[in-house]
1. On the given criteria, is ILE150 among the β-branched types (Val, Ile, Thr), surrounded by 17 or more Cβ atoms within 10 Å (Cβ to Cβ) and not in a helix (DSSP H, G or I)?
2. Let me spell it out: the conditions are (1) modelled with pLDDT under 60; (2) loosely packed, with under 12 Cβ neighbours inside 10 Å; (3) within 30 Å of VAL430 (Cβ to Cβ), and ASN395 meets all of them except one. Which number is the exception?
3. Between a first residue in region 227-238 that is on the phi < 0 side of the Ramachandran plot and a second residue that is modelled with pLDDT of 90 or more and basic (Lys, Arg), which pairs have beta carbons less than 8 Å apart while being 6 or more apart in sequence or on different chains?
4. Starting from region 126-152, keep only residues that are without any contact (Cβ under 8 Å) to a residue 12 or more places away in the chain, then list their pairs with residues that are among the polar types (S, T, N, Q) whose Cβ atoms are within a distance under 7 Å, requiring at least 6 positions of separation or different chains.
5. So which of LEU246, LEU190 is of a type outside the set (S, T, N, Q) and in the same structural domain as GLU147 (by TED's automatic domain parsing)?
6. With the requirement that a residue be touching a strand residue (DSSP E or B) at 6+ places or on another chain (Cβ under 6 Å) and not in a strand (DSSP E or B), what does region 159-171 give you?
7. Are any residues in region 172-194 assigned to a helix (DSSP H, G or I) and either in contact with a His (Cβ under 8 Å, 6 or more places away or on another chain) or more than 21 Å from PRO118 (Cα to Cα) (or both), and if so, which ones?
8. Regarding region 128-141, can at least one residue be identified that is touching a Lys or Arg at 6+ places or on another chain (Cβ under 6 Å) and either assigned by TED's automatic domain parsing to the domain that holds PRO168 or part of a helix (DSSP H, G or I) (or both)?
Amino acid sequence: MESAKLNVDREAVGWGPLAGSYEIIGELRGGKLYFARRRDSRDEVIVRVVRSAETGGNNALAHLASDVQLLRTLSHPHMPRVLDGRWLGAEAFAVVSERIYGTTMQEIIDRDERLANPRVASLLEDVYAVIAWARANSVVHRGVTPESIILERDTNRLFVSLGPTPIPITGVPGEAADARTIGRLAWTLLSGTRPDQTDGASLAQLCPNLATRIVDETEKLVRLRDDAESPDVGNFIGIVAAGDVLKQAEVELTASKDEYIEWRENEIQKYESHRIQLERQVAERIAVLDRERQEFARFARDERATIETERLQMEAAIRERQERLAEVRAELDRQRTTLERRLANLESQRSELVRLRDEAIALGASVRIHSKPNSQTPVSGGWWDLDAPGTDGVNGDAVPAPAGARASVMQWLGPIVTVVILTLLIALGVNVSRQSHRRAAAVSVGGMRIVPTAPALDSGRPPRGGFLTQSSGGQVTKPARKNGAPVADSTVRRDSVRGDSAARRDSVRPDTIPRDTTLR
């Protein structure tokens, strides 16, 4: 047996280190696995031969030898017991473990058998438990492939054999490497093809009936780097277990989405037709509003023109009325000036008459006039009795006529006659003034005629001037008090001096004017 050779990667390897303890029975899967039997107990074992080219160098083989020595003292329910480890030269190492009778996962995949998602999740959970246990016990090589997963024949129990894995430059693989191992194994179990043998096809293309969530999470684990943060593998296994439910939910969601899309398209078409109808109605409304706007603009333009014309006419009428009022005011001012001048003349004449009366009274106080028994006055009788005795004005006693009385009578008789003549002339002038006022031209203001009249001569009050007063209706009315400038009434025309004015005096009799009165 020392000359026997193991065909590992088609290269002969010396069997010498194992020949004394194990007998080779057969070769499995390309010269990497061998059936053997122990010489002492005749128990069948599995011999795995690992070369340095598979692990990336002799350093990895050294770690594998260390792992084998560690695993010989440990055990796990889902892991075959490691019995021995031998160096087969400097470039190869043999791992001896107990033989599990069953079917490998790769054989199931080769038969195109597809496992349900819950079964895949259960297998992944058991595999991850073994990997996590190995990592906790400082086992470096924790590689798992479908060939290293065996389902026991009678119990359908899963057993995992840890295989060599390349050690990256960054250091010993950690949790991220274990998560990537679970992701690659899930890819293989779900699709039946390893991730590096898909020719660029995605998992969704390989498994179109797989839930999108499982596809996304699996691809994320497969692309995970050693220095990346490790994801929650337990959560990923749960997603794989709920794959059928997720797929059903996606189908229902897709159906609902399609239904919603169809409903949305119908609603969009409905709203589109409604929008077209509304746009047509809006266009009609806009056309109607535009016509109404044009009509209103034309109406407003006509109204503005009419209002402008009326405004111009009103302004012209107001200017004309203001001009007429200015003319009437000027005419009234002229008449007022004339009347004030005449009143001033009459006042001066009255003052002159008062002075003459006072002089006549002063002269009459020094002369005694005797009248005949028929009580005729010297003026009215025309004769004088200068020799008859007079009577006292107080007690009626006879008073002898003074000497030279005839000469005194002749002295004051002349002024008295002059006063009488002046009084008659004044009365005649007043009558002529009244007649001229009657012929004063009337002034028309709007629908009203204004007749200027002379102011009334009221006794006891000095004459005043004033202006017209006019009510809001355009009617010229008399002021509240009966004084001031002449006023006009639209219903009554006054051609003469008011009736309450002083009576005409055609003559002045000095002997009938009291001393304590004045001529008004």
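The values are calculated or read from the model by the stated rules, or taken from the named source; none is laboratory data. Keep in mind that this is a model prediction, so the values were computed, not measured. All Cβ positions, even for glycine, are placed from backbone atoms using ideal geometry, and neighbour counts span all protein chains on display.
1. Judged against the criteria, ILE150 is a match.
2. Among (1) modelled with pLDDT under 60; (2) loosely packed, with under 12 Cβ neighbours inside 10 Å; (3) within 30 Å of VAL430 (Cβ to Cβ), ASN395 violates only (3).
3. PRO231/LYS220
4. That search, which allows pairs on different chains as well, returns nothing.
5. Details: LEU246 fails: in the same structural domain as GLU147 (by TED's automatic domain parsing).
After ruling out the rest, the residue left standing is LEU190.
6. Of region 159-171, the ones touching a strand residue (DSSP E or B) at 6+ places or on another chain (Cβ under 6 Å) are 159-160, 163-165.
Passing the criteria: PRO164, THR165.
7. Within region 172-194, GLU175, ALA176, ALA177 meet the criteria.
8. Looking for residues that are touching a Lys or Arg at 6+ places or on another chain (Cβ under 6 Å) and either assigned by TED's automatic domain parsing to the domain that holds PRO168 or part of a helix (DSSP H, G or I) (or both), one finds at least one in region 128-141, hence yes.
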